[in-house]
Every structure is written in structure tokens, then in C-alpha cells.
Amino acid sequence: MSAESTPEPVISEPGETGPRKGGKGRRRKARSRSRKALLVTAWTVAGVVVLGGAGFGYVYFKLNGNIKSVDIDQALGNDRPRKIDNGSENILVLGSDSRSGSNKKLGGGVDDGSARSDTAMIVHVYEGHKKASVVSIPRDTLIDRPACTDSKGTAHAAVSGAMFNESYGTGGAACAVKTVESITGIRMDHYLEVDFAGFQKLIDGLGGVPVTTTRSIDDPNSHLTLQAGTHTLDGQQALGLVRTRHGVGDGSDLGRIQLQQAFVKALLNQVKNVGVFSNPKKLYDLADTATKTVTTDSDLGSVNSLIDFADGLKGISTKHMTMVTMPVQYDPADPNRVLVEKTKARLVWDALKNDQPIPKAATEGTATGEAKDVVSG
């Protein structure tokens, strides 16, 4: 994949949203600390919940009371893609970059009471639940945001040329789901949202995540300094890794996505390998943290539902997981932004609709970052 025919990407300010603006093909320095949120995939959150969900009454009700949920179906009504009953599932997983509460202590940003979807991945679980494809959506993608109604009943008008992550900032989970369904033509069966303060605690609770870096990474914006080599990242370092965009590669959001995808695989391997079943307190602590960290759609808004959901995912390993970025090209009018490569993106969405593997042709020749293979788990 390449973007040789497009201008070099210019870096947008963290948290920046809004319609398209003109710009020159020079990368500008970030003026504030990174406001990156962190993705915990469906397997990580739901898998940890499974560990703690088998306790007695107090434990169950305590964990159940931790879970926050949003009624996506009620907010969006019937104006949605039809549900495809072929045994597959589509889950929208978002990382929220809210700077309020404990998240504010993690560095950078202003507590303005708002939040944005800093990280977005569509997780497609194939029939049989033995393999999955994950499609990352760059936050800087310019899209036509559809009209939507948020979970509080407030209507938001359609906007053309808006950044993708503005959808969540405007109307929360419901508008984020509506936007993804508008882009893809695929109904999202479930929704999972994670904040990065809770994620840091999860990583520390797991005892860290082993990774190997092929290059040194030094990014003061994300508070991360790593020499090339093997490391066991604690929660703060893990946050720094998935938030960095200036410490390695071309400084683009696309490169950051490559780091995130590599870390997610390392994290999933650690979740499967860590020995928590023999330690009841560790089991409970992880489950308590996980259920406080996640916001779900109402269908997953209980411990029992998450246990059932996780049980259907436990057979998927990283060896049977394909991770790609939605096909895009840099915007010639503003290299801070990317545009959907619609013809190639259609190959991705059609594959998922038909429960088929994503063809290699879908991502060939599209824009990409320069951080591939920098991190492995």
C-alpha cells in the first residue's frame, strides 16, 4: 500500500473536528498534549467479565451495577440497514477521548465536558465464531454525517464534510453508530465503548503487556520513551504507545492506527495467557475494572449478556484475525484529512455483508502510515 501520489500528511490537532479546511502539504507541530483514547476490543472486555461473572450474589450485582448502557435501537428507530441473519456479528468498538474525571489526569487536553471517538474499529465475527476481521476507521476521515437522534432524544441535522470523530462528539453513541452504518451500509449488532483511564487500570491488573519494538520511540506528547527491544508495558506506557503519532513513522493518524492494531493483538495474547483463574481476588479486581470501563448497547448491558457474548468469542485467536484500515486517500485540499476510497471500501463492506474474507485488493494502493511492523507481541 502506498500514498506516493498524494501530499505528505499534515497532522491535525488532537480532538480537532469540523468541516473541511484548506491547508498546505506541510506537517504542523501539535500544540497540546495528545488526547488519545484507547481501544480495548470486545474480547478483552467481555473475556475479563467472564472471569468475574461467575461469583455469588453480591459479586454479580456489584458487577452488574458497574455497567453503563445505551439503547441504540430506541434512539435510531427503524431507519437502519437490515439485520443480516447469516450467523455473523458486527460490533462497533470505540475509544472515547473524554478529558473529564480521572481521564484528565492522564495528560493533555482541556476538560470542556465533551468527548470524541478517538479510536473506532468495526469487529466482524464470522459465522462459527472462529475468526474475525477488524476494520479501523481513521478519526480524520471527512464524511457526510447523517441526521441522527441521540439517546436523550435530541435531533442533530446532517452535515457534509465533517470529520468522522465529530459524530460521537455531536450525538454520542447513537450518532456514532448511525454514521458508521451510513458509511458501510452494514447494521451494527453491538456497541462497546472504552475510556482510557479504565484501560490503564486493566493493563496494570493484567501485569502489563509484553511487546517488541523494532525502532526506538520517543514522543513527549504521549509521554512515551522506548528503546528498540522487548518490553513489558504497564498501563501508562500502553496508553502512550497507542496515543503516539509523532514518536515513530510519518506522524500521521494512519501510522498510529498501525501501532494500535499491533498492540491489540499483543493484548489479546496476554489476556489468554495470564493466569487469573487460580487467583479469585485478581479475577474479581479485573472484572470490576472492566465493567466500570465499558459502555455497551442495551442488549449487552448486563453481566449475563456479556458472559454469553464472550462465550461466543472465546474461540477466536489472533492467528485467525485480520486487521485492516478502511481504504482512504489523503485529501488533496487538506492533507490533515483523509477521504474514503469508495470503490475499494465497497470491497470491504461487501465482504463483511457476505461474511467473506476481505480481499487484498481492497487495501492495495491506499494511503497508509509508516509504523507497520514497528510493534509486535
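Things to note:
- Of the chymotrypsin sites (Phe, Trp or Tyr not before Pro) in the stretch 241-309, those whose Cβ has at most 16 other Cβ within 10 Å and which sit in DSSP loop: Phe277
- For the stretch 219-233, backbone phi angles converted through the Karplus equation (6.51, -1.76, 1.60; θ = phi - 60°) give residue-by-residue couplings of 9, x, 5, 9, 6, 10, 9, 9, 7, 4, x, 9, 9, 10, 7 Hz, Gly and Pro being listed as x.
- Per-residue Karplus couplings for the stretch 240-257, computed as 6.51 cos²θ - 1.76 cosθ + 1.60 with θ equal to phi - 60°, are listed in order as x, 5, 7, 8, 6, 9, 9, x, 7, x, 8, x, 8, 5, 5, x, 4, 4 Hz, Gly and Pro entered as x.
- Residues with amide H under 5 Å from that of Val328, placed H, sequence gap 5 or more: Glu341, Ala367
- Averaged per residue, the stretch 187-325 has 37 square angstrom of accessible surface, using a 1.4 angstrom probe with ligands and nucleic acids left out.
- Calculated FRET efficiency for the pair Asp308/Asp71, C-beta based, R₀ 25 Å, to 0.05: 0.85
- Segment Glu364-Arg346, length gained on full extension (0.36 nm per residue, minus Cα span): 5.1 nm
- Taking label positions 7 Å along the Cα-Cβ direction at both Arg80 and Thr230, the computed distance is 4.5 nm, reported to one decimal.
- Atom-type composition of the exposed protein surface of the stretch 139-233 places 47 percent of the accessible area on carbon and sulfur (1.4 angstrom probe).
- Greater than 24 Å apart at Cα, pairs in Lys131/Lys344; Lys319/Lys360; Lys68/Lys372; Lys131/Lys272; Lys130/Lys344; Lys314/Lys342: Lys68/Lys372; Lys130/Lys344; Lys314/Lys342
- For Leu224, nonlocal amide neighbours, meaning residues 5 or more places apart or on other chains whose placed amide H falls under 5 Å from its own, are Asp219.
- With both labels modelled 7 Å from their Cα along Cα-to-Cβ, the Asp144 to Thr214 distance reads 4.0 nm.
- Per-residue ³J(HN,Hα) for the stretch 140-151, Karplus 6.51 cos²θ - 1.76 cosθ + 1.60, θ = phi - 60°, Hz, x for Gly and Pro: 8, 6, 7, 9, 8, 6, x, 5, 8, 10, 7, 5
- Spatial separation of Cα centroids for the stretch 57-93 and the stretch 298-377, in angstrom: 20 Å
- For Asn165, the residues whose amide H sits under 5 Å from its own are Thr141, ignoring neighbours fewer than 5 places away on the same chain, with H placed 1.01 Å from N.
- Taking a straight line from the alpha carbon of Lys282, these aspartates and glutamates sit under 13 Å away, with near neighbours fewer than eight places off in the same chain left out: Asp204.
- Trypsin sites (Lys or Arg not before Pro) within the stretch 130-160: DSSP coil, no more than 15 neighbouring Cβ in 10 Å: Lys130, Lys152
The values are calculated or read from the model by the stated rules, or taken from the named source; none is laboratory data. Just so you know, these numbers come straight off a predicted model, no measurement behind them. Glycine also receives a Cβ, built like all others from the backbone with ideal geometry; neighbour counts cover every protein chain displayed. Each accessible area value is taken on the protein alone, full model and side chains, heavy atoms only, with ligands, DNA and RNA left out. Shrake-Rupley method; radii C 1.70, N 1.55, O 1.52, S 1.80 Å.
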